[in-house]
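Shown next, in structure tokens, is the structure this report addresses.
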There are 2 protein chains.
Amino acid sequence: MARKTGSHSNITGPLVRQAAVRLFARHGYAAVSMRRIAAEVGVQAGALYLYTPDKQTLLFDLMREHLETLLQAWEREQKPDDPLARLEHFCRFHIAYHLERPESVFIAYMELRNLAPDNFRIVEKLRRRYEDALESILADGQEAGVFNVPDRRLATMALIAMLTGVNTWYQEGGRLSRERVADIYWDMARGAVGA
Amino acid sequence: MARKTGSHSNITGPLVRQAAVRLFARHGYAAVSMRRIAAEVGVQAGALYLYTPDKQTLLFDLMREHLETLLQAWEREQKPDDPLARLEHFCRFHIAYHLERPESVFIAYMELRNLAPDNFRIVEKLRRRYEDALESILADGQEAGVFNVPDRRLATMALIAMLTGVNTWYQEGGRLSRERVADIYWDMARGAVGA
DNA sequence: TTTCTAGGTGAACATGCGTTCAATTGATAG
DNA sequence: CTATCAATTGAACGCATGTTCACCTAGAAA
């Protein structure tokens with residue numbers, strides 16, 4: 001038996017990526033075999049190579065796509081003028097966006113060491129672009145005298161670590177709604193930059 | 001050839017754990033083979049089983065020891081009375097302690113998903129005890145009216161994520177000394193809790 | 001000098017890995 | 001009804017995996 005009824009490249013392709021995201025996030029890149037991904041899709045291992053040249057590229061593509069989508073989403077956002085409002089907007093965007101796709105976020109943070117050096121550099125560059133988006137908000141606010149930040153780069157890293165940390169404990173249907181969480185974190189973020 | 005001159009159990013044992021920490025942190029638990037750990041120690045793979053019953057237990061022991069040592073170190077610290085000073089003390093302790101052993105910290109955060117369920121529960125319980133140390137400081141400060149924290153648990157998680165984040169970017173001999181980093185982070189932490 | 005044993009070897013086991021490829025099939029186009 | 005071809009199979013490749021175990025030997029003890 002070869003191709004089953006109704007199965008096509010443009011169906012299987014996304015299924016492969018979805019399965020890979022779920023399994024990589026759950027068990028880690030190195031612990032997940034191509035055969036296991038294939039089984040999840042309902043296909044033999046060999047068929048995966050119609051959709052990715054190899055396992056490493058599959059991981060890299062997932063991470064690159066995640067970061068590129070994040071950057072595009074951020075660029076499409078309509079930003080306030082006031083630096084304080086811009087920072088609030090960033091905080092809420094970051095939390096909302098990251099809570100919406102925890103598995104991709106997890107992979108993009110945890111699997112960096114499994115990237116081939118060339119791929120690592122590319123991914124790091126993308127991440128840096130996102131960090132710079134926040135850093136430039138802090139710069140503007142500092143010039144405007146709204147923020148009190150001894151070191152802009154450190155404040156950037158501190159805020160992103162704090163905000164992304166939500167993903168490690170947040171549970172859907174838990175004690176607090178996403179909005180409430182974002183409110184509270186924005187409050188802390190504002191305090192952290194002295195505003 | 002069997003035992004080489006001067007090599008004993010109480011030498012090889014620690015060497016095995018050191019090699020495992022380095023390799024697990026660098027490449028990830030799943031990506032490191034017992035043979036590679038053995039090679040790092042200068043021994044055959046079979047010899048590792050004189051020092052650990054299996055690979056999973058080796059990982060678990062490293063994580064458990066890390067967290068137990070962290071808790072002991074914290075308990076041994078002499079704490080100020082004033083809640084604000086206690087929080088400052090915690091922040092500086094956390095950064096100093098974690099920067100001192102980045103590889104163990106990395107493993108304890110990244111390899112949770114590679115723990116067998118029973119081991120996972122134990123490790124999580126230890127981590128929770130450490131988080132509670134911070135949370136009780138926040139509780140005291142809140143009662144004393146020194147902090148303004150809408151949600152104590154969230155503030156705890158936010159602060160720990162922020163502080164631990166230093167490990168992801170700090171480089172020895174970089175732009176800032178550990179003291180300077182701790183100063184700046186304490187400043188941000190204080191602001192985040194409204195003090 | 002002989003005995004004993006802690007500490008280690010090295011080969012073997014079954015299993016799984018990423019990847020390739022000739023063969024096969026179901027759906028589609030003419 | 002036939003020819004075509006994209007999609008997939010299933011077997012095979014060589015190599016790595018965690019773990020076990022019979023065997024060995026340097027050095028301490030008697």
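Within the stretch B:29-37, is there a residue that is closer than 24 Å to B:R128 by Cβ, in a helix (DSSP H, G or I) and not assigned by TED's automatic domain parsing to the domain that holds B:A133?
As a first pass, look at the stretch B:29-37 and keep what is closer than 24 Å to B:R128 by Cβ: B:29.
Filter once more, keeping what is in a helix (DSSP H, G or I): B:29.
Checking which are not assigned by TED's automatic domain parsing to the domain that holds B:A133 leaves us with B:29.
Yes, the stretch B:29-37 contains a residue that is closer than 24 Å to B:R128 by Cβ, in a helix (DSSP H, G or I) and not assigned by TED's automatic domain parsing to the domain that holds B:A133.
For the stretch B:37-53, give me the residue count where each residue is over 24 Å from the mean Cα position of the chain (by Cα) and touching a residue at least 40 places away in the same chain (Cβ under 8 Å).
Adding up the residues that qualify gives 1.
Could you please give the count of residues in the stretch B:15-36 that are without any contact (Cβ under 8 Å) to a residue 40 or more places away in the chain, crowded, with 18+ Cβ neighbours inside 10 Å and more than 14 Å from DNA strand C (Cβ to nearest atom)?
2
Given (1) surrounded by 13 or more Cβ atoms within 10 Å (Cβ to Cβ); (2) within 11 Å of DNA strand C (Cβ to nearest atom); (3) polar (S, T, N, Q), identify the lone condition not met by A:T12.
(2)
For residues that are within 19 Å of B:R86 (Cβ to Cβ) and touching a residue at least 40 places away in the same chain (Cβ under 8 Å), scanning just the stretch B:126-142, find the one that is nearest to the other protein chains (Cβ to nearest Cβ).
Pass one, the stretch B:126-142, residues within 19 Å of B:R86 (Cβ to Cβ): B:129-142.
Narrowing the set further to residues that are touching a residue at least 40 places away in the same chain (Cβ under 8 Å) leaves B:129-130, B:133-134, B:137-138, B:140-141.
Details: B:R129: 16, B:Y130: 14, B:A133: 17, B:L134: 13, B:I137: 16, B:L138: 12, B:D140: 18, B:G141: 14 Å.
Out of the qualifying residues, it is B:L138.
Being of a type in the set (A, V, I, L, M, F, W, C), under 23 Å from B:V181 (Cα atoms) and in contact (Cβ under 8 Å) with a residue 12 or more places away in the chain narrows it down to one of A:F147, A:F93, so name that one.
Details: A:F93 fails: under 23 Å from B:V181 (Cα atoms).
Unique residue meeting the criteria: A:F147.
Hey, can you tell me all the residues within the stretch B:171-186 that are within 14 Å of B:H94 (Cα to Cα) and within 10 Å of chain A (Cβ to nearest Cβ)? Lay out the reasoning, then the answer.
Just the residues of the stretch B:171-186 that are within 14 Å of B:H94 (Cα to Cα), to begin with: B:178-179, B:181-186.
Those that are within 14 Å of B:H94 (Cα to Cα) and within 10 Å of chain A (Cβ to nearest Cβ): B:V181, B:D183, B:I184, B:Y185.
Among the residues of the stretch A:49-72, is any within 14 Å of chain B (Cβ to nearest Cβ) and hydrophobic (A, V, I, L, M, F, W, C)? Reasoning before the result, please.
Taking the stretch A:49-72 as the starting set, the residues that turn out to be within 14 Å of chain B (Cβ to nearest Cβ) are A:55-56, A:59.
Now narrow it down to the ones that are hydrophobic (A, V, I, L, M, F, W, C): A:59.
Yes, that holds for at least one residue.
If B:Y49 satisfies every condition in (1) farther than 25 Å from B:F120 by Cβ; (2) exposed (fewer than 14 other Cβ atoms within 10 Å of the Cβ); (3) within 13 Å of DNA strand C (Cβ to nearest atom) but one, which is the exception?
The failed condition is (1).
Examine the stretch A:50-73 for a residue that is outside any helix (DSSP H, G or I), out of contact with any Pro (no Cβ under 8 Å at 6 or more places or on another chain), within 23 Å of A:M162 (Cα to Cα) and modelled with pLDDT of 95 or more, and state whether such a residue exists.
To start, the set of residues in the stretch A:50-73 that are outside any helix (DSSP H, G or I) comprises A:51-54.
From what is left, the residues that are out of contact with any Pro (no Cβ under 8 Å at 6 or more places or on another chain) are A:51-54.
Now narrow it down to the ones that are within 23 Å of A:M162 (Cα to Cα): none.
No, that holds for no residue.
Kindly indicate whether any position in the stretch A:2-10 is within 14 Å of chain B (Cβ to nearest Cβ), part of a loop (DSSP other than H, G, I, E, B) and at positive phi.
Of all residues in the stretch A:2-10, those within 14 Å of chain B (Cβ to nearest Cβ) come to none.
No, because not a single residue in the stretch A:2-10 is within 14 Å of chain B (Cβ to nearest Cβ), part of a loop (DSSP other than H, G, I, E, B) and at positive phi.
Taking interchain pairs and intrachain pairs at least six residues apart, which have beta carbon atoms under 7 angstrom, with the first residue in the stretch B:99-125 and at pLDDT 95 or above and the second among the hydroxyl-bearing types (S, T, Y) and surrounded by fewer than 15 Cβ atoms within 10 Å (Cβ to Cβ)?
That search, which allows pairs on different chains as well, returns nothing.
Can you tell me which residue among A:R128, A:R92 is charged (D, E, K, R) and touching a helix residue (DSSP H, G or I) at 6+ places or on another chain (Cβ under 6 Å)? Break it down stepwise before answering.
Numbers: A:R128 fails: touching a helix residue (DSSP H, G or I) at 6+ places or on another chain (Cβ under 6 Å).
Result of the check over A:R128, A:R92: A:R92.
The values are calculated or read from the model by the stated rules, or taken from the named source; none is laboratory data. Since this is a predicted model, take the numbers as computed values, not measurements. With ideal geometry, Cβ positions are generated from the backbone for all residues, glycine too; neighbour counts draw on all protein chains shown.
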